[in-house]
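As structure tokens, the structure follows; a few thoughts come after it.
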Amino acid sequence: MKRYSLLWLLGAALVLRGAFALSALFSPGGTRLLRPDSELYLAGMRQLADAGKLDILERAPGFAAFASLIWKASHSYAALVVFFVLVSVAALYILYLAVKEYADDNTALIATGFGAFHLTLIANAPLLLSDTLFFFWVTLEFYFLLRFWKRKTLWCALLAGLVAGIGTLVRPINLLHILPLTVLLLVTEKIKWKDRFAAAGLALAAFCFAVVPWMSFNASRGAGFAIDTNTGAMLHQNGAMLQAEVRHTSFEQEKFRILQWENAVFRDRQRFPDAASREKFRLNEYRKMLCAYPAIALKQQLCNYPVLLPDAPTALEDLGVFTPNRGTMGILAKEGVAAAVRHYFGGRLWTLFLISPFLLVALIVLVYALCRLVTSIRNFAVFCREGLLFIGFALYYLWLPGAIVAPRYQIPALPVLFLLAALWAVRKKSPDKA
């Protein structure tokens, strides 16, 4: 019976994602599938598929590596969308296995249900971006960690590190995730310390095995020892947010101003002969901004709670109700959530009723996860274990983007939020358990 429940949930997830994907696919030119970042990802995919090389330095190679296999076989954006929809559903199956390792089958089914009907996952599944692919690898990393916690087999730790490295090649935000991963391996209960250190060492070695060759290759061609050359974009992203608040202007104005200034500075080819020198300059300039306005920068870094909002805009854009890139992010940063909602929806707030059941699911996940964390204080061991899980697999991804917030940035944090929310849902039925 439970196996059929899982199949029903995965089937529902597939139908929902497929429905939003079809709507986006049949838009004129498939433009609903695209965002400003999409073209660089797709250019890398096409180059790798057609020429067998990847010269585009601005993006990590993971998207291109996986998507190029589909592109080479089909040369079809529809096939790519189908691939990402299937990846999203496959990640939910891995989520089920992960939660089952930590808890039980009922909890795993509830967590999978949350994932199946979560609006942010549904809406972003068909987009030609790296978020869905990254969600898959983060969920797989989460699974191998929880499997190691339960079974204490070192190969699980090794695979967790390897998968974390592959995830880094998809989204460089994962580069520092090896730190919380090794900590979580070291706090494994009921295992000898030598095995804990062995697990952490194996994970670190596997992680380096995945990422160091690519980083070394980039260094050899003047791009620096890095996954990509997009990290410096913080200057015209987070830096623009910072300057907008300091100068009482808009994010768009400051971003345009900084980009114009960058382009003028980088015309000096003797001073900036390669991508590495330009990246170093942008990062140094961003650090200067942080040092000049540390209080504002810290506030923006920590108060980025809008990242937790369900991705209603993308859902409605998939359906063709609204169009993207209307300056909402700048208004959100300057005037808050209410003003951003008024700006984005205008006189059509009623459209939220179309997706209200999915909004309710997203709200339940957040409330239940918070309840689980708060009430687990009564059991110190549970609180420490799940608190560290939350820090390592949720707070890490939610906090790192800083002032630049988009609902899709919450996606890698969702597996642990689904786990915590499902534990609370089961806990309400069984009040005698921690």
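The values are calculated or read from the model by the stated rules, or taken from the named source; none is laboratory data. Bear in mind that the values here come from a model prediction, so they are computed numbers and not experimental data. Every residue, glycine as well, gets a Cβ built from its backbone with ideal geometry; the counts of neighbours run over all protein chains shown. What goes into the accessible areas is simple: the full protein's heavy atoms, side chains included, and nothing from ligands, DNA or RNA. Shrake-Rupley method; radii C 1.70, N 1.55, O 1.52, S 1.80 Å.
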Calculated P(r) tail over 21 Å for the range 200-278, as whole % of Cα pairs: 49 percent
So how do 387-393, 109-115, 372-378, 154-160 stack up, highest first, on mean other-Cβ count within 10 Å? 109-115, 154-160, 387-393, 372-378
Size of electric dipole in the range 353-434: Cβ of Lys, Arg +1 and of Asp, Glu -1, about Cα centre, debye, nearest 20: 220 debye
Beyond 21 Å between alpha-carbons counts as too far, so tell me which of K2/K190; K100/K192; K53/K280; K150/K192; K53/K255; K280/K334 fall in that bin. K2/K190; K100/K192; K53/K280; K53/K255; K280/K334
For the range 1-111, would you read off the P(r) tail past 20 Å as a percentage of all alpha carbon pairs? 53 percent
Those trypsin sites (Lys or Arg not before Pro) in the range 46-132 that DSSP places in a loop and that have at most 13 other beta carbons within 10 Å: K53
Under a point-charge model restricted to the Cβ atoms of Lys and Arg (+1) and Asp and Glu (-1), what is the dipole moment magnitude of the range 219-290 relative to its Cα centre, in debye to the nearest 20? 240 debye
Just the number, please: carbon plus sulfur as a percent of the accessible area of the chain, 1.4 Å probe, no ligands or DNA/RNA counted. 68 percent
A student applying the Cα gyration tensor rule (rounded when a/c is under 1.5; otherwise prolate if a/b is larger than b/c, oblate if not) would label the range 281-434 oblate
Karplus (6.51, -1.76, 1.60) ³J(HN,Hα), θ = phi - 60°, over the range 394-399, in Hz, Gly and Pro reported as x: 10, 4, 3, 6, 6, 8
Farthest positive-ward along the chain dipole, Cα basis, beta-carbon charges - from V382, A13, G402: V382
Here, the range 37-164 modelled as identical Cα point scatterers in vacuum has Debye log10 I(q)/I(0) at q = 0.10, 0.17, 0.19 Å⁻¹ of -0.38, -0.91, -1.03
Just how many % of Cα pairs in the range 53-127 lie over 14 Å apart, if you round to the nearest whole percent? 68 percent
Using a basic spin-label model with each label point 7 Å from the Cα along Cα→Cβ, how many nm lie between L298 and W399? 1.3 nm
For the chain, what is the calculated [θ] at 222 nm in deg cm²/dmol (nearest 500), taking -39500 (n - 2.57) for each run of four or more DSSP H residues and dividing by its residue count? -22000 deg cm²/dmol
Among L95, A425, T112, flag the residue with its Cα farthest along the positive direction of the charge dipole of the chain, charges on Cβ as +1 for Lys/Arg and -1 for Asp/Glu. A425
Once you place label points 7 Å from the Cα toward the Cβ at K334 and K150, how far apart are they in nm? 5.1 nm
Given N residues in the range 100-154, what is its alpha carbon radius of gyration divided by 2.2 N^0.38 Å? 1.33
Within the range 158-190, backbone nitrogen closer than 13 Å to the virtual label 7 Å beyond the Cα of F209 toward Cβ: 158-166
Keeping every protein chain present and rolling a 1.4 Å probe, give me the accessible area per residue for the range 159-252 in Å². 42 Å²
Report, to two decimal places, the Cα Rg of the range 103-242 normalised by 2.2 N^0.38 Å (N = number of residues). 1.21
At q = 0.07, 0.08, 0.13 1/Å the base-10 log of I(q)/I(0) from the Debye formula over the alpha-carbon atoms of the chain is -0.35, -0.46, -1.30
Given unit charges at Cβ for Lys, Arg (+) and Asp, Glu (-), the dipole magnitude of the range 193-330 about its Cα centre in debye, nearest 20, is 580 debye
